[in-house]
Each structure stands twice: as structure tokens, then as C-alpha cells.
Ligand SMILES: [Zn+2]
Ligand SMILES: [Zn+2]
């Protein structure tokens, strides 16, 4: 089968590798769609702990497909089932795992990060992923492409439910890449009031206004922009960009009792951000962080998409065959469009 493997920093290759063998307690998934994430781009540029010249790693943690083979001892799944795969697998027995937070496990494994992932025609699903519920059967309405995007959507959902947006809260969204767009879609589901949007790129502001009519653009200086809309501040601010300056400035945009979500990591050399803690104190603000998603959140998001409540298909701007991986990665790295998705045709699953 064809697979995109990371060897070391800057070195990706399309390789022909054997289709994985599965044991009695495992599944084989035929991948139908897999999307490129900022994490994949970072791993390509900087290398990764679990990829080396000797042991290249198949990337891809956002993917969906069909079950191609079912191990003799596996119950509840059948060949041909349409499924998506939540990537993070816990140890199963630590305090985080037993509380349902397998994504917060210290010994977490993840498809495409610590083990072979979805940028390949087939993926072996180990037993612990099956018993923890990482494999979700898809509804009839959701496309494979949208199902692949449920992973980042559920990271967004995790952040916003931790944050606790209340109906009518005015929200400011800074950073209008695919994650920012998903934040807007999710905030609407949660009953947000007005949604103001800002990005350094005018093109991205226009794109957000086009995809999600009704959002209110702020161009240039954010504080000034808020004033021009005739309000003093916002109830919620979400920073969906790796921008230390934006994080530091965001406390100034807030109403009393405001809540901020700093979504996504910063580069190592920028991770210490000076913030005005007097604003935090006197405005009684809350700053929330978040990472990954629980299996339960993942499944809820898959349902929201299947029910047509969150139109994730809007976010897929470009589709590629796996042979065009260089173009796909270059476009993702250049932040062209929104989500870049590999599509695999259905052929081949009969011949495994
Ligand atoms: Zn991702
Ligand atoms: Zn654990």
C-alpha cells in the first residue's frame, strides 16, 4: 500500500509498504479521507520523537474510512462499516483514563504521532483503541472528509465546553484558519450572541465573512474595532492563532467577568507571555487552556456534523490524491485555503 512516511525533519516520502497484518483482537481500516493538521506540518518541518531514518512513521491523525477486516475476537464491528478514528489512546487504567479522559493520559499513544497513522491506504487498529471506543461508526449523512475533520472539531468543542459560553455571550474570534472557523460554528451552536472576527490576513477575514454570513469583521486594531461597533468589550475571546502578542493584548478587549480561551500552543521560544494581571484581577477574568478531546466529545461532534448542525464540509478547501502529498503539505504549510484533505478511492479493499 502507499503511505506518507516521516523520516526526520524535512524528510517525507511516499513509500510502498506492506498492508498491516492484524491479530484476532484488531481491526484493519481502509482509509477514505485524511486531513493535514498543523501538527503534521510541524512534524514535517521539525521532525518527531517517534520518527527516524531507521523507523519512519506514517503520519496522519485525522482520518475516516471503512472497516476492511475484523479480527476473529472483535465484537461490534463488521467489514464495510463506515468509521472515523479518534487518534488518542490512553493506557486504560490511570486516574485520567478511568475518568474518561484518555486524552490526558501520561502514557497516551496516538495514531500518526507515536504510531502509524492515516496517511496510508490502510491502518491497523490495536485492541486498546477498540475497547476504549476510538472507532466510531458514522451516520449516513456525514462524508468521509467531514468525518476526518471531526478530530480538530472536537478539540474546539472541548475548549469551548471547558470555557462555558453562555447563550447571548458576545464572542471575539482572533485567528481565522480552519480552527477559527470551527470555533465560530461551535460558538453558534452554543448560543453565542454577536461574533466578531479578526485576523492579520484580510483574505482570511473575507473568507470567514463569506463562509459564515453574519459574523462582524474587525480590520486592523482590535480595540478600536470593538469601539466602532459601539460596545465596551466582549464576554468571550478565543485566540485561535499561535500569536503571543494577541494573547497578551486580549485581556484589554474583555467585559467584566469575561472568559478567554488560548487555543493552541506557541513556538517554544515564545511560550512565556507577559499578561496584565491587574486586568485579570479587576475585571474578574478567566483564562482557559485546552488540549485534544475525550472520546465522548469526539462522538458528540460526529453526531452534530451528521445532523447537519455543523457544516464541516465548508472547511475542506482542497482535496488531493496521496501521490500529490508534496503539493498538499506545501499548501498546508503556506496556510493556503483551509483544510487540505487526502482522498483515497474505494478500490482495493476487496483484495486485502
Ligand atoms: Zn490535528
Ligand atoms: Zn492512562
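For the chain, averaging the sequence separation of C-alpha pairs within contact (under 8 Å, six or more residues apart) and dividing by the residue count gives a relative contact order of 19 percent. Pairwise inverse Cα distances across segment 286-346, averaged and inverted, put the Kirkwood hydrodynamic radius at 14.0 Å. Calculated translational diffusion coefficient of segment 233-278 (20 °C, 1.002 mPa s; Stokes-Einstein with Kirkwood radius over alpha-carbon pairs) equals 195 µm²/s. Size descriptors for segment 4-75: radius of gyration and Dmax over Cα atoms are 14.2, 41 Å.
Counting residues in segment 156-288 as N, plug N into 2.2 N^0.38 Å and put the Cα Rg over that result. Spell out each step's value before the answer.
Numbers: Rg = 13.5 Å, N = 133, 2.2 N^0.38 = 14.1 Å.
Compactness ratio reported: 0.96.
Using only the alpha-carbon atoms of the chain as identical scatterers, what base-10 log of I(q)/I(0) does the Debye formula give at q = 0.13 Å⁻¹? Taken in order of the listed q values, log10 I(q)/I(0) reads -1.01.
Convert 37 °C to kelvin, take the viscosity as 0.692 mPa s, use the Kirkwood radius over C-alpha pairs of segment 222-352 as Rh, and evaluate the Stokes-Einstein diffusion coefficient in µm²/s, rounded to a whole number. This corresponds to a translational diffusion coefficient of 178 µm²/s.
Can you tell me, using C-alpha contacts under 8 Å and at least 6 residues apart, the relative contact order of segment 1-118 as a whole percent?
Numbers: 241 pairs, mean separation 31.4, N = 118.
Rounded, it is 27 percent for segment 1-118.
Using the alpha-carbon atoms, what tilt in degrees (0 to 90, nearest 10) does helix 178-189 show relative to the longest principal axis of the chain? Here the helix axis deviates by roughly 70 degrees.
What per residue convex hull volume, in Å³, comes out for segment 166-212 when only alpha-carbon positions are used?
Values: hull volume 2.7 nm³, N = 47.
It is 58 Å³ per residue.
In angstrom, the C-alpha Rg and Dmax of segment 74-130 are 12.4, 35. Between helix 295-306 and the chain there is an angle of about 80 degrees, using the helix long axis and the longest principal axis of the Cα atoms. Measuring how big segment 44-85 is from its alpha-carbon positions, Rg and Dmax come out at 15.1, 40 Å. The angle between the Cα long axis of helix 150-163 and the main principal axis of the chain comes to about 40°, on a 0 to 90 degree scale.
How would 30, 227 line up from fewest to most surrounding beta-carbon atoms within 10 angstrom? Working shown, then result.
Values: 30 25, 227 12.
So the ranking, lowest neighbour count to highest, is 227, 30.
Plainly put, segment 85-170 has a radius of gyration that is 1.02 times its Kirkwood radius, both from alpha-carbon atoms, as the Rg/Rh ratio.
Bear in mind these aren't lab numbers, they're just calculated from the coordinates by the rules spelled out. These numbers were taken from a predicted model, which means no experiment stands behind them. Glycine also receives a Cβ, built like all others from the backbone with ideal geometry; neighbour counts cover every protein chain displayed.
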